[in-house]
Structures are given as structure tokens and as C-alpha cells.
1. Have a look at D19, D35, D27 and tell me which one the Gaussian network model of the chain (Cα, springs below 10 Å) gives the largest fluctuation.
2. Please name whichever of Q6, F20, S68 sits farthest to the positive end of the charge dipole of segment 3-114, dipole taken about the Cα centre and charges placed at Cβ: Lys and Arg +1, Asp and Glu -1.
3. Hey, what number do you get for the chain at 222 nm if only DSSP H runs of n ≥ 4 count, each worth -39500 (n - 2.57), divided across all residues, to the nearest 500?
4. How large is the dipole of the chain about the Cα centre if only Lys and Arg carry +1 and Asp and Glu carry -1, each at its Cβ, rounded to the nearest 20 debye?
5. I want to verify a result. In a Gaussian network model of the chain, Cα cutoff 10 Å, which of these has the top mean-square fluctuation: A98, A77, A44?
6. Between E88, E113, E67, where does the largest GNM mean-square fluctuation fall for the chain, given springs only between Cα atoms within less than 10 Å?
7. Using only Cα atoms, what is the ratio of the radius of gyration of the chain to 2.2 N^0.38 Å?
8. Taking 0.36 nm per residue of sequence separation and subtracting the Cα-Cα distance, how much length would be gained by fully extending the chain between N106 and D35, in nm to one decimal?
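Derivation of every value follows stated rules applied to the coordinates shown; laboratory data play no part. Quantities reported herein were computed from a predicted structural model and do not represent experimental measurements. So basically every Cβ, Gly included, is an ideal-geometry build from the backbone, and we count neighbours across all protein chains shown.
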Amino acid sequence: MSLFDQIGGPSAVTAAVDDFCRRLISDPALTPYFDGVDMRQLKAHQRSFIAAAIGDPEPHLGRSMRESHAQLKIQAAHFDRVVDHLVETLSDLAVSGAIIDQIGINLAPLKVEVVAPDTTAQAS
């Protein structure tokens, strides 16, 4: 059974993305990244991406992570904050620690694509 199915499929991913986005835009360190962003569209992209990353058979058809985030100049510390918010979201939704760990393993390689190369040493 895929991680997607283990956490509850589409409805669980939707609940997670809704809470995750609420946390992101409430975090003063991350809020500037979302200025002017169409949150409805962002949530749709995040649902598609997260679902595909954890085993949904539907492919993610969005832009690459590098292309989607290049103009944002995301710092490594901010990427880590996003990961922390995702872990908190999944924990609050009663996703098991083992599944959260596996999701982390699946998503960890994306840091290289999301974080701007010239910001990896910067802190928030």
C-alpha cells in the first residue's frame, strides 16, 4: 500500500495542504514568499505535488521544483521551517511517525532544487 493510501488518499492530502498552507502564511519568516500568490492555485499545485510524492498514481504535471522556486531565492533555513510545518501538520492529523519519516525521506532530495544556491549558508 502506498503512503498516499496509508494516510487516507485525496481527502487526507486536501486536509493536510489546507492546514499546511495556513501554517506557512502565518509564519512571519515565510509570509513574504506568499505575497501576491494565488493561494487557491498554490493549494492545487501542492495537493498534486504532495500526492504524487507519496505514491498517488496520478502524475504531478506542474513545473519542476527548481523552476517553480528559482525566483524566490529561498534560504535553507526557510526550507527547513517549511519541512517543520509539514511535520507538525501531519502529526496533528494523526499520521504515524513512521509514515512521516518516509515522507521526509521522499521529499528531502528536493532541498537542493528549492533552495537558492547562493543562500545555503544564510540563516533566518
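1. D35
2. It is S68, whose Cα lies furthest towards the positive end.
3. -18000 deg cm²/dmol, from helical runs alone.
4. It comes to approximately 240 debye.
5. Between A98, A77, A44, it is A98 that shows the largest mean-square fluctuation.
6. Greatest mean-square fluctuation among the candidates belongs to E67.
7. Compactness ratio reported: 1.02.
8. Once the chain is fully extended between N106 and D35, it gains 22.8 nm.
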